Amino acid sequence: MSANRQRNLGTLSLVLLALVFVAAVTANNSLLTGLRIDLTEDNLYTVSPGTRNVLASIVEPINVYLFFSDSESADIAPLRNYANRVREMLEELESAGGGNLVLHVIDPVPFSEDEDRAARFGLQPITLGIGQSLYFGLAATNSVGDQEVIEIFNPERERFLEYELARLIYSLARPDRVVVGVHAGVSMTAGFDPQTQRVTEPWIAYSQAGQLFEMRSLPPGFTEIEEDVDVLCLVHPRSLEDETLYAIDQFVMGGGRALIFLDPFAEVDMAAAMDPAAMAAGSASNLEPLLSGWGVEFSAGEVVADNQYALSVTTGLSMRPVRHLGLLGLDATAIDPEDVITDGLYNINVGTAGHFSVAEDSTVTLQPLLTSSIDAETLPAIQMQMLTDPEALLDDFVPSGEPYIIAARLTGALDSAYPDGPPAEELPDAEGDLADGADGGGGDDSAVANSESPDALPDGEHLASTDSANVILVGDVDILSDRLWVQQQNFLGQTLATAFANNGDFLVNALDNLSGSADLIGIRARGTYSRPFTRVQALRRQADAQFRQTEQQLQAELTETENRLSELQDARTDQGSLLMSDEQQAEIQRFLDEQVRIRQELRAVQRNLDRSIEQLGTVLQFINIGLVPLLLTAVALSAVVVRRRRTEKKS
């Protein structure tokens, strides 16, 4: 074949390839319009069913304003990439919202009305340097004037991007304030201390929650929970009557969410007791028979002692700090980063906490939120009573080698702790004692019989199970007390609270998460858009291993040569001569030759690494640029052909 003919064939091939490419692009634009396929590994751009249900609940349009300083961030590639990720997610939500969600993307250039608008919404600028800042936040409003904002999008919380956006939309779609029904066995609210004859302030954690939610106290011995209660919060429940326990059980069986704080030894309650005997006995709480009926076990008589997370305390015996195995400072390694409640929390302090576990033959799901280390064991709660020297806890301390669950999320299908219906009511006789099945007045036994029947419930029939339980269990009450997470100071007559742990954040996050709909709670953490080149990293690790091996070989050769030269010098008879012998010169020359060879091997390792990365890049470019468009085009053309054939058959 002549050179001209080969050249003509090459030119014709390029022309045909260009025509095929143009045809493929045209076919994609005309045939695949509106078709959206998420090919990312974690389905980053696929709106979850829970978010779609939240969007479907919107009655009136919600306007979403994304403020991003596009011109000011021209040189910040990572931030621009994440901004594109946020914008594309919002566009997906707008598309799924069916017109009830309206997105506005705004570039608040300096000294513009858009910048003033961002400031009025309360968005915080990101300071880049002297006189330079940018905005990257979001504001949303509903038809009645309510607004929600995300002051700054944090790339570190990208996994919860969909959850935060869905939560914001849900809050605007349902503007009523969330009601939290609270039953506390300790004094969390403002009151009066008869010992000091002073008014006591509410716990700061309770006050902070009260700024965001309607905290409604449930009366002692309550037997029903009002329908408008969104979340039930139980703090140190003790000696609850069967009717109260049954009301709690039915609330959970009906899909209600609950946040429950239990404790095998509540020091905060012991400190508040006036009776010395009560102080010595301490205070414990449990929620039986509910927990066992739900398939969960709680260590009501055991405290988790942890040697790794133990905090140092100062006792009255000496000023020397000692480590207290019962007071734990849980860091990020003990906090679940995958749950929206605990993500971003770096330190939570607990005191003499219990632990949870799944009962045998139970099918419930217990997702740990706070866990101990493996350098931990359980100690009898009675050992904490009248403890004067925390160092004594180290005596005979033997870690079990397994972590203990201090806080967890209980989800899934639950069976009622009262499978036979509401507990039977025992009627008093005429003398005030409990009658044995009689009414004491000559009447029939229908009252007792009816009280044992589920049909006797005034609010409806008995609920035997639920498929969508969502309960947060915490094995410590002291976690909410001020002393474990906040320090108060008086400044010019004002009490300033400075948090040194995330205990308050944990409470607010838990209530915030549980107050959402079941769809909102079901939205889990997603993947991140920035994906590492794992194959390239593996190639680099292999090359580094070869490089280090070759370097070690060179160092071994150098050491061997130095030892050889030293031996030759010691063997010489003319020790005073400064000239090297022929053997020494030959040994040095041999080492220099070996050094050149090894350096060539090092350069070959680096060249092979670069070549492997380039080959991998070529393959990926071919797949992304050539193969995938051709496959999509082939699928589209096949669909068109099939559709036409069906149309021809019908006609």
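The values are calculated or read from the model by the stated rules, or taken from the named source; none is laboratory data. Everything numeric here is computed off the predicted structure, so don't read it as measured data. Glycine gets a Cβ as well: all are built from the backbone with ideal geometry, and neighbour counts include every protein chain shown.
Would it be correct to say that residue 139 is in contact with a Lys or Arg (Cβ under 9 Å, 6 or more places away or on another chain), of a type outside the set (Asp, Glu) and closer than 13 Å to residue 64 by Cα? Before you say what the answer is, go through the steps one by one.
Values: in contact with a Lys or Arg (Cβ under 9 Å, 6 or more places away or on another chain): yes; of a type outside the set (Asp, Glu): yes; closer than 13 Å to residue 64 by Cα: yes.
Yes, satisfied.
Considering only strands (runs of 3 or more DSSP E) fully contained in region 339-426, which possess at least 1 residues that are on the phi < 0 side of the Ramachandran plot and under 22 Å from the mean Cα position of the chain (by Cα)? I'd like the intermediate steps shown before the answer.
Details: elements: 347-351, 356-358, 365-371, 376-380, 405-415.
The qualifying strands (runs of 3 or more DSSP E) are 347-351, 356-358, 365-371, 405-415.
Would you point out the residue of region 87-107, among those that are in contact with a Leu (Cβ under 7 Å, 6 or more places away or on another chain) and in a helix (DSSP H, G or I), that is farthest from residue 153 (Cα to Cα)?
Out of the qualifying residues, it is 96.
Within the bounds of region 192-201, is there any residue that is in contact (Cβ under 8 Å) with a residue 24 or more places away in the chain and buried (at least 17 other Cβ atoms within 10 Å of the Cβ)?
no
Can residue 92 be described as farther than 13 Å from residue 138 by Cα and at pLDDT below 85?
Numbers: farther than 13 Å from residue 138 by Cα: yes; at pLDDT below 85: no.
Spelling it out, it is not the case that residue 92 is farther than 13 Å from residue 138 by Cα and at pLDDT below 85.
Against the conditions (1) within 26 Å of the chain's Cα centre (by Cα); (2) over 24 Å from residue 97 (Cα atoms); (3) at pLDDT below 85, where does residue 123 fall short? Just the number, please.
It fails just one condition, (3).
When region 105-117 is examined, which residues are found to be within 19 Å of residue 147 (Cα to Cα) and either of a type in the set (Phe, Trp, Tyr) or within 29 Å of the chain's Cα centre (by Cα) (or both)?
Hit for region 105-117 is 105, nothing else.
Out of curiosity, is residue 398 crowded, with 19+ Cβ neighbours inside 10 Å, modelled with pLDDT of 50 or more and of a type in the set (Val, Ile, Thr)? Walk me through it before giving the result.
Values: crowded, with 19+ Cβ neighbours inside 10 Å: no; modelled with pLDDT of 50 or more: yes; of a type in the set (Val, Ile, Thr): yes.
No.
Go through region 341-400 and count every residue that is of a type in the set (Asp, Glu) and in contact with a Phe, Trp or Tyr (Cβ under 8 Å, 6 or more places away or on another chain). Steps first, please.
Going residue by residue through region 341-400, those that are of a type in the set (Asp, Glu) are 343, 360-361, 375, 377, 389, 391, 395-396.
In the following step, the residues that additionally are in contact with a Phe, Trp or Tyr (Cβ under 8 Å, 6 or more places away or on another chain) were identified as 343, 377.
Qualifying residue count for the region: 2.
From the list 176, 242, which one is free of Cβ contacts under 8 Å to residues at least 24 places away in the same chain and out of contact with any Ser or Thr (no Cβ under 9 Å at 6 or more places or on another chain)? Quick ask: steps written out before the conclusion?
Values: 242 fails: free of Cβ contacts under 8 Å to residues at least 24 places away in the same chain.
Only one candidate qualifies: 176.
Show the residue pairs that are 6+ apart or on different chains and have beta-carbon atoms under 8 Å apart, the first residue being within region 402-425 and within 21 Å of residue 373 (Cα to Cα) and among the polar types (S, T, N, Q), the second being modelled with pLDDT of 90 or more and buried (at least 22 other Cβ atoms within 10 Å of the Cβ).
none
Looking only at region 47-65, decide whether some residue is at pLDDT below 85, touching a Leu at 6+ places or on another chain (Cβ under 9 Å) and either of a type in the set (Phe, Trp, Tyr) or under 30 Å from residue 633 (Cα atoms) (or both).
yes
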